[in-house]
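The values are calculated or read from the model by the stated rules, or taken from the named source; none is laboratory data. All of these numbers come straight from a predicted model, not from anything done at the bench. With ideal geometry, Cβ positions are generated from the backbone for all residues, glycine too; neighbour counts draw on all protein chains shown. For accessibility, only protein heavy atoms count, side chains too; no ligands or nucleic acids. Shrake-Rupley method; radii C 1.70, N 1.55, O 1.52, S 1.80 Å.
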Amino acid sequence: MDSALDPRDRARLLASQAAHSADWLFALPISVVGLRLPNEAVRIAVGIRLGVKICEQHQCPCGAVVDTLGTHGLSCRRSAGRQQRHSLINDIIWRALNKAIIQSVKEPTGLTRTDGKRPDGLTLIPWSQGRCLTWDVTVPDTLAASHLNRTSVIAGAAAEHAAELKIAKYSDLIPHYDFVAIAVETLGSWSDNALMFVKTLGKRLTEATGDSQETVYLLQRLSVAIQRCNAICFDASFKPASALQ
């Protein structure tokens, strides 16, 4: 850390030390439970974690120049992988809730914030203290230029900032529901409240299934999902513009 002068290197090293950012490295490659990463996804995940060259310099379909570290695609607004990443994480949370016998729905109708957008999900039975839970997923890029002033100083700072923004956007719902912003960065750092929620959900899963490893498995599924979609985002930076329409 003392010799890391580049903000991207500092952010990368801090994220690598964050709790559960490396859970994908410990997941057994079992396809049926979504824990297997393709070889190319492993190459990209390891390369980004180590901060080494993973591609030649090229131009992204958005017009930006992608350097040899290849991380532009993780935050490129033209990348379809960003939406896939969001949807996959949301689906894992929704399935985990239902497995824990906490009935829930995605994108609940009639539950909107001031701009008309809906949260990602809602439990149909109380989560705690008689209140149902509503959640929204957000995955900021650890290495995006707009976040480096935070992530190069404190691990998970982009996730915490993204969570604060989500809470402000859903302030009208908070008096009536338990709300959690499931904020996790592309390099795996979690916001404190999101990690607390996932661990609580893991305990609820253990109560429902009797398997003491449910929290570990849930965190690994989420970690693997992020790395899989990071690879999709990386690959999208090579696609011709016509292929992204």
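A compact table of results
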{"read-out": "Verdict on residue 77 being within 17 Å of the chain's Cα centre (by Cα), modelled with pLDDT under 95 and open to solvent by less than 50 Å² (accessible area, probe 1.4 Å)", "value": "no"}
{"read-out": "Scope region 59-74; condition small (Gly, Ala, Ser) and surrounded by 18 or more Cβ atoms within 10 Å (Cβ to Cβ); matching residues", "value": "70, 73"}
{"read-out": "Flag for residue 68 being in a loop (DSSP other than H, G, I, E, B) and under 23 Å from residue 9 (Cα atoms)", "value": "yes"}
{"read-out": "Residue satisfying all of: in region 1-58; of a type in the set (Ser, Thr, Tyr) and open to solvent by less than 90 Å² (accessible area, probe 1.4 Å); nearest to residue 227 (Cα to Cα) among these", "value": "21"}
{"read-out": "Members of region 32-52 that are part of a helix (DSSP H, G or I) and within 20 Å of the chain's Cα centre (by Cα)", "value": "33, 40, 41, 42, 43, 44, 45, 46, 47, 48, 49, 50"}
{"read-out": "Residue among 232, 226 that is out of contact with any Gly (no Cβ under 6 Å at 6 or more places or on another chain), in a helix (DSSP H, G or I) and crowded, with 16+ Cβ neighbours inside 10 Å", "value": "226"}
{"read-out": "Sole exception among (1) part of a loop (DSSP other than H, G, I, E, B); (2) hydrophobic (A, V, I, L, M, F, W, C); (3) out of contact with any Ser or Thr (no Cβ under 7 Å at 6 or more places or on another chain) for residue 55, by number", "value": "(3)"}
